[in-house]
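The values are calculated or read from the model by the stated rules, or taken from the named source; none is laboratory data. Keep in mind that what you see is a predicted model, and the values were worked out from it rather than measured. Counting neighbours? That spans all protein chains shown, and the Cβs are built from the backbone with ideal geometry, glycine included. To get the accessible areas, we keep the full protein, side chains included, count just its heavy atoms, and leave off ligands, DNA and RNA. Shrake-Rupley method; radii C 1.70, N 1.55, O 1.52, S 1.80 Å.
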Amino acid sequence: MEPEALEICPYDPNHRMPASRLQYHLASCKKKNPKIAKKMANCKYNACHVVLIKRLKEHEANCVNRTAVDEGLFNLPKVISPNSEANEKPSNDANQTPDSEAWNVGKHGRN
């Protein structure tokens, strides 16, 4: 079994840990380094990617975890039901409460 690659902490480059522990480490190290943390931001594609705020857009544009959905490959047209019109109001039947005196009307074929 090969040893896991070590990741470098963005808050303290002297901290190196296995990738499987990075997320836990980042949470605690962020609390311990509030001045540095104010200058950093998390990538929207991978929470373990913490970069300087001024470099966040550049990182996200080139992030290896960026998905095809965000690149617009799956932007499908909005589907509108053929039975509904855009300006059509819902019927009042859906908004009415049943009459408490007519609770058994229509049940079991009796009126």
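Points to keep in mind about this one:
- Taken over segment 1-33, the residue count meeting the criterion of being surrounded by fewer than 15 Cβ atoms within 10 Å (Cβ to Cβ), under 25 Å from the mean Cα position of the chain (by Cα) and not polar (S, T, N, Q) is 5.
- Complete set of residues in segment 34-54 that are open to solvent by less than 80 Å² (accessible area, probe 1.4 Å) and either hydroxyl-bearing (Ser, Thr, Tyr) or not in a helix (DSSP H, G or I) (or both): MET40, ALA41, ASN42, CYS43, TYR45, ASN46, ALA47, CYS48, HIS49, VAL50, VAL51, LEU52
- Of all residues in segment 39-50, those being farther than 12 Å from LEU26 by Cβ and either without any contact (Cβ under 8 Å) to a residue 12 or more places away in the chain or more than 17 Å from the chain's Cα centre (by Cα) (or both) number 1.
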